[in-house]
Structures are given as C-alpha cells and as structure tokens.
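To start, the structure itself, in structure tokens.
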Amino acid sequence: MDTAQLQREIREFAKTAGIDKIGFTTADPFREMKNRLRRQQEAGFQSGFEKGSLDERTDPSLLMEEPESIIAIAVAYPSKMENPPKGKKGERRGMFCRASWGLDYHDVLREKLALLEAFITERLPGARLKSMVDTGELVDRAVAERAGIGWSGKNCSVITPEFGSYVYLGEMITNIPFAPDEPIEDGCGDCTLCLDICPTGALIEGGRLNAQRCIAFLTQTKGSLPPEFRTEIGNRVYGCDTCQTICPKNKGRHNRIHEAFEPEPELAKPLLTPLLSLSNREFKERFGHMSGSWRGKNPIQRNAVYALGHFREASAVPELARILIEDARPYMRGAAAFALGKIATEEAADALRQSAEEEKDDEALGEIRAALRLIQDQQKEVPR
C-alpha cells in the first residue's frame, strides 16, 4: 500500500476514533532528551515512577526491532466543571486534579490506540505496532513535541495551539516509514508565570522540574509528607493544576469534548471527612475508575487529613481523634496529630494528650509532641 495514502487515511480515521490530534515522527533516538534525563537523574530530580532505563526511554529500537516511525496522539480533557460543589465550614472538600476527572485516561487512550492498530493492520497486515500511554518507556512529551502535537512548555507540559496543555498523550511505534511532521515553534516566549507561582518551587527553570518537590508527585507518595510540604498541598488530595491554570495558553480552553472525561462533581471535589473512614473496597467502588486511584486509598486519606488541618476544620476533630487513637498506620496517626495541632481546639489538645500516653511508634509520638507544642505556642500568643 502507498504509505502516503495510508498516512492520510490514518489522519481521517483518527477523527472518527475520538483522537483530537495526531502527528508522525521518526523512530530516531531522542538524544537531547537522554541528556536531559541523565541530568535529572544525577540531580536527584526524578520521581521514581519512571519505567525503563535511560536508553529504553529514549531509543525506540530497544522497544521494537527495526522501527521506522512513531505515531503520536493527543486527546483533550476538560478544564471546567459545571456546578462544582462548594466547600464550607463543616463540609470541607478536597480536590482531584483535572487529569483525574472522569474515566481513567490510560484505559480510554489504550482503547483509541487499539482502534488505530486495528485500522492499520487491516490495511497493512504485516505492520508491526507497539502502543503505550504514560506508563510506557518512551517519554510522551518528547515524542509529542517532535511529532508536532505541541511544544514543550516551561511548566513541563506539552502545550497545543488548539487545547492548551489539557491533553493526554499516547504513542505507537511502527515499522512503517511515515513522513514526519514538523515540530511546532515554542510559544512560551518570555512568560514565567508557571515558574513564579509554583507553590514549592519545583519548577527549577523553564522546562526543568524537580519531581521530588512537585505537589502532583507528593500527593501520590506513601507514608508521611515532609513538614515543609504539608500546608502547601492545601486541599489537593491528588495532583496539582497550578502551573496549568496560570498558563495564558490555557485561557478559555474548556475542552468539553469527550463524555468519558466529564467529572462527577462529588468525586472530583469530594467531602474530606467521609474519605477518612472508607475501606479499601469502598474506595475502589467509588474512585476505582479514576486515574487518581492508582496508588490506592492511603495517600488520598493522608492528604485529606492534611487538608482538614489546612482548613482548621474543628468539626473533623472527632474523626481525626479516632484515627490518632485507633488507626493501624503510624503515618496516618502522625498526620492526624499534625492536623489536630493546626486546629488547636481544647478537644484536639485532649485527644493529643491522651494519645501521647499510649503511642508506641517513635515517629508518630514525635508528631504528637510537636502538635502539642504548637498548641501551647498558639495559646501563649493569645492576648489575655
């Protein structure tokens, strides 16, 4: 089959498959990206969630024998929610980032890539194809940038002219020699809003991220959060959109295109206190279809505890006290102690004093004592 004709047909089919943007590039190694990843690794800026070695992440020939091209796809997701529920005193709410609204994008994009694979192999039975979404070895951003999907922004997201940075990315390595598309010229200019607003200074410079300080990463970690980040996460229970919402290229990009990604308001902005008593089964039943559930309930519940401390939500003291006394997870008891210290009511102090006498874990006990000192310091500051 004529490759140019097949390429045109693929572009047309992509529209019917719900793929918002498609691009083609060579399967040459991503040499500059490899150098950047090596610098990240040496600086200790990687998240630890990355798959594969530096070579595997940047050389398609290690993932498929004799590759010729890579097809990159982008699918837009919404940035606005209709009738979002409002949090208020006594009913505080957390927040999942926009990339976790609706159905898990990994599943949705894999289905679209599977449709694309079937379309290609029907026309070219000997084609060899390997698809991946986010959790594959290749760096999605590097592939998308070289395939003309968008440019790599200073916020480390691919920014498209049509949808801003609110896009999911996927790619397919193939042995078909498609003509490559031209990359898009960088559109960030001298804008530094994303760098200026990053709550933890995770954006070291334009296009360079210290994942260890990134709130989106921190909300997905397990165990305790370092004290310097606990108040910075605010009411985020999963992910962070700050460097996207500030971006001028995202202004007016609502992207309400795919029903699968429409948020369920009560899940995208859930009440915080009820999250704390969910069992594993209940969590999976309620949130399991969202990408933000991939690490399980533990990080979400820990973040919810910190968020209640952020709000100084006094109505949550009984539930936080229950966690402090009864929860089997020492880091959750420590998080509850931190939150109670921020809330600083007499009831909170009583719970902390009681737990201080019973706590056996050194780290949790340290959190309890620190919370009691915080309350004492606050009481000293109150004018008599």
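Tabulated results
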{"read-out": "Rounded if a/c under 1.5, otherwise prolate or oblate - region 34-172, Cα gyration tensor axes", "value": "oblate"}
{"read-out": "Pair residue 328, residue 190: separation of 7 Å Cα→Cβ label points (nm)", "value": "5.9 nm"}
{"read-out": "Gained length - residue 245 relative to residue 82, 0.36 nm times residue gap less alpha-carbon distance", "value": "57.0 nm"}
{"read-out": "Global form of the chain, assessed from the alpha-carbon gyration tensor, a/c cut-off 1.5", "value": "prolate"}
{"read-out": "Phi-based couplings in Hz for region 170-183 (Karplus 6.51, -1.76, 1.60; Gly and Pro marked x)", "value": "x, 8, 9, 7, 9, 8, 8, x, 6, 6, x, 7, 7, x"}
{"read-out": "For region 32-44, 3J(HN,Hα) per residue [Karplus equation, 6.51 cos²θ - 1.76 cosθ + 1.60, θ = phi - 60°, Hz, x = Gly/Pro]", "value": "5, 5, 4, 5, 5, 5, 5, 5, 4, 5, 5, 7, x"}
{"read-out": "Region 282-384, relative contact order in percent, only Cα pairs under 8 angstrom and at least six apart counted", "value": "23 percent"}
{"read-out": "Residue-by-residue Karplus 3J(HN,Hα) for region 240-255, coefficients 6.51, -1.76, 1.60, Hz, glycine and proline x", "value": "8, 10, 4, 6, 8, 5, 7, 5, x, 6, 9, 4, x, 8, 8, 6"}
{"read-out": "Long-range amide H partners of residue 155 with built H, under 5 Å", "value": "207"}
{"read-out": "Percentage relative contact order, the chain, counting C-alpha pairs under 8 Å, at least six apart", "value": "19 percent"}
{"read-out": "For 345, 200, order by how many other beta-carbon atoms lie within 10 Å, fewest first", "value": "345, 200"}
{"read-out": "Farthest positive-ward along region 73-219 dipole, Cα basis, beta-carbon charges - from 169, 202, 75", "value": "202"}
{"read-out": "About the Cα centre, charge dipole magnitude for region 341-384 (Lys/Arg +1, Asp/Glu -1 at Cβ), debye", "value": "320 debye"}
{"read-out": "Lys, Arg +1 and Asp, Glu -1 on Cβ, resulting dipole of the chain about Cα centre, debye, nearest 20", "value": "1040 debye"}
{"read-out": "Residue (of 148, 375, 248) at the positive-pole extreme of the chain, dipole from beta-carbon charges", "value": "375"}
{"read-out": "Shape of region 90-203, Cα gyration tensor, a/c cut at 1.5", "value": "oblate"}
{"read-out": "Net lengthening on full extension, residue 4/residue 43 (0.36 nm per residue, minus Cα-Cα)", "value": "9.7 nm"}
{"read-out": "Given charges at beta-carbon only (K, R positive; D, E negative), |dipole| of region 248-384 in Debye", "value": "760 debye"}
{"read-out": "Mean Cα-pair separation over length for region 174-321, i.e. relative contact order, pairs under 8 Å, 6 or more apart, %", "value": "26 percent"}
{"read-out": "Total formal charge among the other residues, if their Cβ is under 13 angstrom from that of residue 53, Lys/Arg +1 and Asp/Glu -1", "value": "-1"}
{"read-out": "Entries of 222/284; 112/222; 21/249; 251/297; 154/269 with Cα pairs more than 23 Å apart", "value": "112/222; 251/297; 154/269"}
{"read-out": "Net charge, residue 92 excluded, C-beta distance under 11 Å - Lys, Arg +1, Asp, Glu -1", "value": "+4"}
{"read-out": "Cβ-based charge dipole, the chain, positive-most Cα from 101, 159, 308", "value": "308"}
{"read-out": "Net +/- balance of residues flanking residue 38 in space, Cβ distance below 12 Å, scoring K and R +1, D and E -1", "value": "+2"}
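Each reported figure results from applying straightforward, stated rules to the coordinates on display, with no laboratory input. The structure displayed is predicted, hence computed values, not measured ones. All Cβ positions, glycine included, derive from the backbone under ideal geometry; neighbour counts span all protein chains shown.
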